[in-house]
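Report on one structure; see the data block that follows.
Derivation of every value follows stated rules applied to the coordinates shown; laboratory data play no part. No experiment lies behind these values; they were computed from the predicted model shown. Here the Cβ is made from the backbone with ideal geometry for all residues, glycine too, and neighbour counts use every protein chain on show.
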Amino acid sequence: MDISQYVTPYKYGKPVLVGSGAPGSFDEHAVDCPFVFQHQGQFYMMYVGFDGIGYQTALATSRDLLHWEHLAVILRRNEGGGWDSKNIAGTWIMKENRLAAPPVLQKWNGKYWLVYHAYPEFGYEEGSAKIGLAWTEDENLLEWHRMADPILVPEDGADWEKGGLYKECLIQHEDTFYLFYNAKNKNKGRWTEQTGVAFSKDLLQWERYANNPVLPVTPDGWDSGFASDPCVLRNNDEWVMYYFGFNFKHAQEGLALSKDLLNWEKYPDPIIRVGEEGSIDSIFAHKPSVITHEGVLYHFYCSCRLFREGDPTKNYGKEFRTITVAASHDIFGS
């Protein structure tokens, strides 16, 4: 299994985006879940902030993919329907699927489409999350209209997803929409997260794949607990899924390949491992967003290490959670 064209072994080694730490700000405690794309000649990152109450979703912009500036919060609590009024985590906007192409947004029916998940209670992943859909015609991407009802709920799923639905990846291939998502089998105690897919012709009515999960955990493997956060891209006649695995100790990035979007073969080892003690990703290196720019793969991910005095944010009292990047070429001068 040759994955040489997909790996990103060169780590930047420091955050590209950090929470503000400002009391009352949406990102007071952490930033999470990067999704990087290109729009109107510049780079954007959609990301999630946690303020100790719940998740909200924002945009940042960049000219060089390394230096990012917060732009605006685009998905806020106390808006939308009751089911998504406490937490809202945007994770994907429909865009160009080809790995080698610029990651520009794609319209369908004259609109841009964003998928998100929302937890029913205040707190950190409290309760069983559902998946929703939002759209905009605003070329500034600041005003989003949420659909009144969720498009996927755990109650309608199989046992592997009864505990709640997580990070989404929405792609269009030929005349079908594919919604990849990870889900957990329960929301209390130690749960298992795996990745499945649902299909639609109109973005509103969805049918789960009968043979889910398409990316299960590997018993006794480095991804024995979670196989999560799919980032699916096309490379000629091959599909690549970046994802993260978790063995209840460390979360690390992995990769799987497919010819048909349904049958996936995992590479057996992590492609980005946690860093050395004290490094920015020494606890977790997870939640991929991968793009190509000028022939270089940029692999953005959420990085976590233990909190140290002087860090601008503190998540759960012990964790410094930021967003960083790795690349296919040594563009950082390391």
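Worth a mention:
- Here segment 28-78 is treated with +1 on each Lys and Arg Cβ and -1 on each Asp and Glu Cβ, and its dipole about the Cα centre works out to around 180 debye.
- Rounded, prolate or oblate (a/c below 1.5 giving rounded, otherwise prolate when a/b exceeds b/c) for segment 44-114 by Cα gyration tensor: oblate
- Alpha-carbon centroid distance for the pair segment 6-47 / segment 255-334, whole angstrom: 11 Å
- The relative contact order of segment 10-327 comes to 16 percent, based on Cα pairs under 8 Å that sit 6 or more residues apart.
- Candidates LEU141, PRO23, ALA256 compared by Cα position along the dipole of segment 10-327: farthest toward the positive end lies PRO23, with charges placed on Cβ.
- Förster radius 25 Å - calculated FRET efficiency between ASN187 and SER224 (Cβ-Cβ, nearest 0.05): 0.85
- Local charge for LYS201 was computed over the other residues whose Cβ lies under 12 Å away, with Lys and Arg +1 and Asp and Glu -1, and equals -4.
- If R0 equals 51 Å, the separation of the Cβ atoms of GLU126 and ASP2 corresponds to a calculated FRET efficiency of about 0.75.
- The stretch between GLU155 and GLN205 holds 16.4 nm of extra length on full extension. This uses 0.36 nm per residue minus the Cα-Cα distance.
- Segment 239-334: chymotrypsin sites (Phe, Trp or Tyr not before Pro) in DSSP loop, at most 14 other beta carbons within 10 Å: PHE248, TYR316, PHE332
- Sites GLN172 and GLU265 - FRET efficiency at Förster radius 22 Å, r taken between beta-carbons, to 0.05: 0.40
- Among (1) 97, 47, 45; (2) 48, 47, 45; (3) 102, 52, 44, the entry derived from the coordinates for Cα extents along the principal axes in Å: (2)
- Charge tally for HIS250 (other residues, Cβ to Cβ under 10 Å; Lys, Arg +1; Asp, Glu -1): +1.
- A dipole drawn for the chain from +1 and -1 charges on Cβ atoms has a positive end, and of GLY132, TYR267, PHE246 the residue lying farthest that way is PHE246.
- Electrostatic dipole magnitude of segment 10-327 [Cβ: Lys, Arg +1; Asp, Glu -1; Cα centre; debye, to 20]: 400 debye
- Tensor-based shape of segment 189-255 (alpha-carbon gyration tensor, a/c under 1.5 rounded, otherwise prolate or oblate): oblate
- For GluC sites (Glu not before Pro), the sites in segment 215-276 that DSSP calls loop and that have at most 16 other Cβ atoms within 10 Å are GLU276.
- Between ASP237 and GLN106, full extension at 0.36 nm per residue minus the direct alpha carbon distance yields a gain of 45.1 nm.
- Neighbour cut-off at most 14 other Cβ (10 Å), DSSP loop, GluC sites (Glu not before Pro), segment 154-228: GLU174
- Ranked packing of 142-150, 33-41, 93-101, most packed first, by mean Cβ within 10 Å: 33-41, 93-101, 142-150
- Annotation: extensible slack from HIS145 through GLU294 equals 50.3 nm (criterion: 0.36 nm per residue apart, minus Cα-Cα distance).
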